[in-house]
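The values are calculated or read from the model by the stated rules, or taken from the named source; none is laboratory data. Computed from a predicted model, the values in this text were never measured in an experiment. In this analysis, Cβ positions are derived from the backbone assuming ideal geometry, glycine residues included, and neighbour counts consider all displayed protein chains. To get the accessible areas, we keep the full protein, side chains included, count just its heavy atoms, and leave off ligands, DNA and RNA. Shrake-Rupley method; radii C 1.70, N 1.55, O 1.52, S 1.80 Å.
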Amino acid sequence: MSRERAMVPDAEFRSYYGQPIIKDPLWHEPHMPVYLYLGGLSGASSLLAAGCELTGRDRLAAPAKIAAAVAGSAGAAFLVAELGRPERFLNMLRVFKPTSPMSVGSWILAAQSGLAAVAAGSAVTGLLPAVGRAAGLATGVTGPMMATYTAVLVSDTAVPSWHAGHRELAFLFAGSALASAGAVAMVAAPHREAGPARRMAVIGAAVETVASEVLERRLGILSEPYREGSAGRLMRAARVLTVTGGALAAVSGLTRWRTPSVLSAAALTAGSLCARFGVLRAGRASAADPKYTVVPQRERVAARERNRAGG
Amino acid sequence: MSERVGFFTDTSVCIGCKACEVACKEWNDVPDDGFVFRATSYDNTGGLGASTWRHVAFIEDFTERGDRWLMSSDVCKHCTHAACLDVCPTGALFRTEFDTIVVQADICNGCGYCVPACPYGVIDRREDDGRAWKCTLCYDRLRDGLEPACAKACPTDSIQFGPLEELRERAAERLATLHEAGVAEARLYGERPDDGVGGDGAFFLLLDEPEVYGLPPDPVVTTRDLPSMWLWAGAAAVSMAAACFGAFARGPRR
Ligand code: SF4
Ligand code: SF4
């Protein structure tokens, strides 16, 4: 800790009465972070379900498909509630704009939640098995897109700690999605069938932990908001919960008792949620303090001038 | 497409009268933005927002730099590469025939994405109305061949309106005059077409560093890095599929 501090001295900068330069991201709690969580859960559950479909594991596939469908629709509801004019939600699907991650994301969400609902509906009712299977396999493609587009959504802004963290956030969200989907399927499926879900949870927890570690260390001054204040507390809580949950998931398959699985699932879910809330708050903090806008931009200007002077 | 128009705001002659703020409100029917005594300076609107489309900044600089008052009327920059426009998912934000950026209030669904996308913190959402608002560069007046209300009202010609090319020439001349007169700290802001937003349609002559006026020193349109962001998200998505494959590959089938 103290070494980092020594490496990043308190930056000198000027501002207009300490006021923020950019606007606060409007996204609310709990809507936005819960949406990020649900999108990840839906996407990775679909991936798990598609894997089951291809390897003939029906009893693990069913709960994964249901989780994908429920999380997809619940996520959409949170997203609509977040709008200033919810009744105009469909304006999102008025155009397809590749330059807008929210436009691209709305289409991904529409495809993912629609296909996941068809796949789950068919699995539950037994109707139209061929259609259900095709939809389920298609969510194997839309699912990972659903889980990771949200990293682009938050980073494609002027919010300094999000924009600079776009690489790490993509993997943080991917890992978090795998962990949360593994967690739900692990307890929803019969204990003996849950092997792939457990392994998915372990891999996800590892990826999430490494990505958040990098995020909190490698962005220079822009890592600070991920370590400080309430965002820092949430990120640290996420770390502990995810590592604990991952370790429990790894051993849960060795016993016949369900308790370790249940504890693991609870810890992983809480860890994933904490990470999403932490990322939102870190972005907010980096938008609110003009330091995070001015100092990196000043460094950029200085570097350019050095280059020019150096020929 | 008509000629690109814009503003050149020469802050060296701004007297802080706020006629621009008032004219903008009157013409565009912009609602009340609160009566706040900020206790920092004569600034009482604080910054640009959904209901403040022109904002006069007051910098009371009584430090070792000398006793001086800096005043500057800020506005939407009508960026060449406008992040707000790029990220708007509904197409509510569009580029007009004058190369200005305008929100169509009947289409905006208040997603709020444009708000944190703007590198200058200009556009914002009105919470009672749920939609995003900002300066339109008086789109209605331009279509009738009139100049925007703020420029019309400015008593010192600090706010100059006109074809962008002409304004750039005028600004270069003004800068040279000031430099000759010994005002070494005078500088232009946002006039270069090769900056991070491709140049501003509304640019400034400042007497100190931009951040002192609450402006970002080196703004970049966020979508410049969008291809790289999608690449990383794509890599993460593929890794998820690989992780899933790994989860099934190991262990007994049942
Ligand atoms: S200054 Fe902000 S609101 Fe104005 S055009 Fe540029 S990005 Fe859009
Ligand atoms: S708030 Fe309105 S103008 Fe802004 S991005 Fe959303 S739909 Fe577009």
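For the reader, a short list of remarks on this structure follows.
- Tally of residues being within 7 Å of another protein chain (Cβ to nearest Cβ) and either buried (at least 24 other Cβ atoms within 10 Å of the Cβ) or in a helix (DSSP H, G or I) (or both) across the stretch A:15-38: 4
- Only one of the listed residues (B:Gly16, B:Gly47) is outside any strand (DSSP E or B), away from ligand 1 (no atom under 13 Å from the Cβ) and either small (Gly, Ala, Ser) or closer than 23 Å to A:Thr99 by Cα (or both). That residue is B:Gly16.
- For B:Phe94, the conditions (1) at pLDDT 95 or above; (2) open to solvent by less than 30 Å² (accessible area, probe 1.4 Å) all hold with the exception of (2).
- Single condition B:Phe35 does not satisfy, out of (1) open to solvent by 20 Å² or more (accessible area, probe 1.4 Å); (2) assigned to a strand (DSSP E or B); (3) not polar (S, T, N, Q): (2)
- If the condition is being crowded, with 24+ Cβ neighbours inside 10 Å and more than 17 Å from the chain's Cα centre (by Cα), then the stretch B:57-91 contributes B:Pro89, B:Thr90.
- A single entry from B:Thr52, B:Thr80, B:Thr45 fulfils the requirement of being more than 21 Å from B:Cys154 (Cβ to Cβ), away from ligand 2 (no atom under 16 Å from the Cβ) and of a type in the set (Ser, Thr, Tyr): B:Thr80.
- Inspection of the stretch B:184-207 identifies no residue that is closer than 30 Å to A:Glu12 by Cα and in a helix (DSSP H, G or I).
- Test for B:Ala236: is it under 30 Å from A:Gly253 (Cα atoms) and in contact with a Lys or Arg (Cβ under 7 Å, 6 or more places away or on another chain): no
- Failed criterion for A:Ser100 (all others in (1) modelled with pLDDT under 95; (2) more than 18 Å from the chain's Cα centre (by Cα); (3) closer than 30 Å to B:Gly121 by Cα; (4) within 9 Å of chain B (Cβ to nearest Cβ) hold): (1)
- Residue count for the stretch B:130-170 under the criterion of being surrounded by fewer than 21 Cβ atoms within 10 Å (Cβ to Cβ), among the small types (Gly, Ala, Ser) and in a helix (DSSP H, G or I): the result is 1.
- Residue count, the stretch A:39-79 (criterion: within 12 Å of chain B (Cβ to nearest Cβ) and of a type in the set (Ser, Thr, Tyr)): 3
- Meeting the requirement of 1 or more residues that are within 16 Å of ligand 1 (Cβ to nearest atom) and open to solvent by 30 Å² or more (accessible area, probe 1.4 Å), the helices (runs of 4 or more DSSP H) wholly within the stretch A:79-195 are A:160-163.
- Taking residues in the stretch A:282-311 that are closer than 15 Å to A:Ser230 by Cβ, and partners anywhere that are open to solvent by 60 Å² or more (accessible area, probe 1.4 Å), the pairs with Cβ atoms closer than 9 Å and at least 6 places apart or on different chains are A:Ala282/A:Glu228; A:Arg284/A:Asp24; A:Ala285/A:Glu228; A:Ala287/A:Pro20; A:Ala287/A:Asp24; A:Ala288/A:Pro20; A:Ala288/A:Asp24; A:Asp289/A:Pro20.
- Boolean, A:Ser15 is among the polar types (S, T, N, Q) and within 28 Å of A:Leu219 (Cα to Cα): yes
- Note on the stretch B:2-47: residues that are touching a residue at least 60 places away in the same chain (Cβ under 8 Å) and within 14 Å of chain A (Cβ to nearest Cβ) amount to 2.
- Within the stretch B:109-127, not a single residue is away from chain A (no Cβ under 12 Å), surrounded by fewer than 24 Cβ atoms within 10 Å (Cβ to Cβ) and not in a helix (DSSP H, G or I).
- Residue count, the stretch A:170-197 (criterion: at the interface with chain B (Cβ under 8 Å from one of its Cβ atoms), more than 19 Å from the chain's Cα centre (by Cα) and in contact (Cβ under 8 Å) with a residue 12 or more places away in the chain): 3
- Given (1) within 14 Å of chain A (Cβ to nearest Cβ); (2) in contact with a Cys (Cβ under 8 Å, 6 or more places away or on another chain); (3) small (Gly, Ala, Ser), number of the condition B:Gly91 does not satisfy: (2)
- If you check B:Asp144, B:Asp86, B:Asp106, B:Asp74 for being away from ligand 2 (no atom under 16 Å from the Cβ), within 12 Å of chain A (Cβ to nearest Cβ) and modelled with pLDDT of 95 or more, only one passes: B:Asp74.
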